[in-house]
Amino acid sequence: MNELRRSLLFIPGNNPGMLQNADVFDADSIIIDLEDSVSLDEKDAARILLKELVNAIIFKNIELIVRINPFDSEDYQKDIEVVKNLNIDTILLPKADIQSVKDLDNKLTEINSEIKILVLIETAFGVEKVFDILETSDRCIGLMLGGEDLCVDLTCERTKSGEEIFYARTRLLNAAHALKLKAIDTPFTNTNDEAGLIEDTNFAKKLGFTGKASINPRQITSINKCFTPTIQEINHSMRILNANKQALKEGKGVFAIDGKMVDLPIIKRAEKTIVVAQKLGLIKNSGEYHAN
Amino acid sequence: MDIIKPSKAGTYESNDIYIMLFPGYEENLIELESVVYDCFGYQIKKVIKDVLKENNINHVLVKAIDKGALDYTIRARMITAIKRGVSNE
């Protein structure tokens with residue numbers, strides 16, 4: 001399974017053409033959607049299509065996530081009955097709260113399932129309770145912000161600049177990082193605005209998000225690029241780690257590179273950069289960088 | 001299992017198949033239109049027959065309009081149509 005989660009692509013759950021090609025779009029994770037993109041009278045068809053798809057096609061090197069319907073909907077229980085027995089990696093739980101995470105966790109535990117949970121935080125209540133929600137189950141691998149629904153709940157307009165979700169973004173990030181979990185940013189919904197997508201994704205990365213959801217395959221390349229370390233970042237990180245090795249040999253607690261003091265947080269950040277670069281195959285065994 | 005009312009599933013979209021089931025026939029009949037009939041007509045009918053057999057359906061007319069669906073989609077749409085046809089909902 002791909003655990004990078006830089007890009008997570010939503011795919012409508014009742015669209016065979018997109019489903020069978022889900023792994024060609026280069027997203028780290030695909031989210032097969034049984035919720036918003038499936039009309040009420042086609043929910044049954046989408047569940048059956050999902051089951052037949054997963055039983056017939058093996059997606060390699062990609063995380064397979066299914067977004068089920070919310071806990072308070074009629075389709076929640078029907079979704080779980082199908083999804084819990086499938087060979088998928090993760091369930092994306094919409095409008096997550098403590099009660100719904102607990103219920104989903106119990107249902108998966110009853111059958112000794114190894115399926116993980118990604119919580120979708122998209123209500124004002126969810127934002128305020130996010131730390132407790134994440135702590136409800138050991139299955140939680142992280143959270144995703146649902147900006148569109150959150151703005152409906154906040155009775156505000158969703159804007160390109162995103163001031164209205166700034167509080168939610170930072171609050172969610174703090175909770176996720178406090179628990180060492182993943183934080184996935186909300187999709188950028190204007191699929192014709194490439195520059196806007198890049199700006200929004202860079203901003204999300206700057207805040208601390210580890211990946212971004214997407215609603216269109218055309219967005220994946222830009223999102224991946226943003227969350228992939230650059231050659232400069234990798235080289236700088238390797239210099240820090242090499243200098244740290246040397247400093248340890250010499251018994252030094254702190255040291256400087258280019259006149260700037262390097263301490264533990266900077267070393268940890270460098271280690272994280274190198275781990276991602278290694279997972280992406282950007283560093284050879286010799287430690288040399290190569291673009292793939 | 002008996003189909004008690006006409007039912008349908010699927011779409012006319014590319015890579016999908018539109019299935020209609022009509023009850024009340026002496027035996028199972030299949031009418032297939034497909035954009036790839038010459039190459040895959042036999043295989044598509046085989047999948048349809050397999051699903052009918054698995055669900056013990058014996059007296060329906062299956063009308064199928066295929067737009068290049070893979071086997072998993074044909075199976076899924078057949079199963080959906082059957083479930084809809086046997087239900088009173």
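The values are calculated or read from the model by the stated rules, or taken from the named source; none is laboratory data. Bear in mind that the values here come from a model prediction, so they are computed numbers and not experimental data. Counting neighbours? That spans all protein chains shown, and the Cβs are built from the backbone with ideal geometry, glycine included.
For every residue, the table says whether it meets (1) within 14 Å of chain A (Cβ to nearest Cβ); (2) touching a helix residue (DSSP H, G or I) at 6+ places or on another chain (Cβ under 7 Å).
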| residue | (1), (2) |
| --- | --- |
| B:Ser7 | yes, yes |
| B:Glu13 | yes, yes |
| B:Ile19 | yes, yes |
| B:Gly24 | no, no |
| B:Glu27 | no, no |
| B:Ile30 | no, yes |
| B:Ser34 | no, yes |
Check: With (1) within 14 Å of chain B (Cβ to nearest Cβ); (2) assigned to a helix (DSSP H, G or I); (3) buried (at least 18 other Cβ atoms within 10 Å of the Cβ) as the list, and A:Asn55 as the residue in question, which single condition is left unmet?
Finding: (3)
Note to self: Please go through (1) within 14 Å of chain B (Cβ to nearest Cβ); (2) under 23 Å from A:Leu40 (Cα atoms); (3) in contact with a helix residue (DSSP H, G or I) (Cβ under 6 Å, 6 or more places away or on another chain) for A:Lys78 and return the number of the only condition it doesn't satisfy.
What the structure shows: (3)
Notebook entry, point to check: Does A:Asn224 qualify as being within 26 Å of A:Leu93 (Cβ to Cβ) and assigned to a helix (DSSP H, G or I)?
Noted result: yes
Notebook entry, point to check: Hey, among the residues in the stretch A:58-75 that are surrounded by fewer than 16 Cβ atoms within 10 Å (Cβ to Cβ) and either among the hydroxyl-bearing types (Ser, Thr, Tyr) or within 25 Å of A:Ile121 (Cα to Cα) (or both), which one's nearest to the other protein chains (Cβ to nearest Cβ)?
Noted result: A:Glu74
Notebook entry, point to check: Do we find that A:Glu35 is assigned to a helix (DSSP H, G or I) and over 30 Å from A:Leu280 (Cβ atoms) in this structure?
Noted result: no
Check: If A:Ala175 satisfies every condition in (1) hydrophobic (A, V, I, L, M, F, W, C); (2) under 20 Å from A:Gly147 (Cα atoms); (3) out of contact with any helix residue (DSSP H, G or I) (no Cβ under 9 Å at 6 or more places or on another chain); (4) touching a residue at least 24 places away in the same chain (Cβ under 8 Å) but one, which is the exception?
Finding: (3)
Notebook entry, point to check: Just wondering, is there one or more residues in the stretch A:87-96 that are in contact (Cβ under 8 Å) with a residue 40 or more places away in the chain and either of a type in the set (S, T, N, Q) or on the phi > 0 side of the Ramachandran plot (or both)?
Noted result: yes
Margin query: Among the residues that make up the stretch B:70-79, is at least one of them within 10 Å of chain A (Cβ to nearest Cβ), among the basic types (Lys, Arg) and touching a residue at least 12 places away in the same chain (Cβ under 8 Å)?
Written below: yes
Next item on the list: Please list, ordered by first then second residue, the pairs with beta carbon atoms under 8 Å, 6 or more apart or interchain, first in the stretch A:241-260 and in a helix (DSSP H, G or I) and of a type in the set (D, E, K, R), second surrounded by 13 or more Cβ atoms within 10 Å (Cβ to Cβ) and at pLDDT below 85.
Entry: none
Notebook entry, point to check: Out of the stretch A:145-185, which residues are under 14 Å from A:Gly126 (Cβ atoms) and of a type in the set (Lys, Arg)?
Noted result: A:Arg169, A:Arg171
Check: Is it the case that some residue within the stretch B:49-66 is in contact with a strand residue (DSSP E or B) (Cβ under 8 Å, 6 or more places away or on another chain) and within 12 Å of chain A (Cβ to nearest Cβ)?
Finding: yes
Check: What strands (runs of 3 or more DSSP E), lying completely within the stretch A:90-193, carry at least 2 residues that are surrounded by fewer than 21 Cβ atoms within 10 Å (Cβ to Cβ)?
Finding: none
Checklist line | Yes/no for A:Leu280 being under 20 Å from the mean Cα position of the chain (by Cα) and at pLDDT 90 or above | finding: no
